[in-house]
Amino acid sequence: MPSRRSVLATGVASLYAASAGCTTVLDGSTPEPALWTITLRNTDDESHALALRLFHDGAEILDRTYELGPRTFDEEDAATADSDTDHVAAVEDAWDSPTGEFRAAVRVDGERRTKFRLDDEVRPPTPYRYEIRVERNASVSTWVTKLESTATP
């Protein structure tokens, strides 16, 4: 028959093994969404200037205007398109940490500014990619892609 001491030691070891990786529960913190990339895409057949102001945890980290060319569906137009006016642009190296609150303010062609929080649709918290799209009539839409793992894309 096992001693009381060995039963307690086994129980403590089992409890420790079962809780491995659950430190967020023990320390009271909750996981946060992690922003990996932001893509800007023009889905209109006309060029647009997209002014993007990006905020991370309340601090402005980016204020830049991107010239997005028209989305072409003709192979001949695509082959001769100017690389400076591509219809897709990536926002790179704007933030130090992928976690925290991200907010954006977007203005297309100098019109009224649209403001939104990037991680509003990311529930439960997970890594995600964000896309800001310029639609017909210079309207703005957004698209969130949740990633399956925390591995760097």
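Every number in this text was worked out from the coordinates using simple rules, so none of it is lab data. Values in this document were obtained by computation on a predicted structure and should not be read as measured data. Note: ideal-geometry Cβ built from the backbone for every residue, glycine included; neighbour counts use all protein chains shown.
Averaged over residues, the count of other Cβ atoms within 10 Å places the peptides 33-40, 52-59, 92-99 in the sequence 33-40, 52-59, 92-99, highest first. For Glu67 and Asp120, the FRET efficiency from 1/(1 + (r/R0)^6), where r spans their Cβ atoms and R0 equals 25 Å, is about 0.35.
Looking at segment 29-146, the DSSP beta bridges with both ends there are about 80 percent antiparallel. Rg and Dmax of segment 29-146, based on Cα coordinates, read 15.0, 54 Å.
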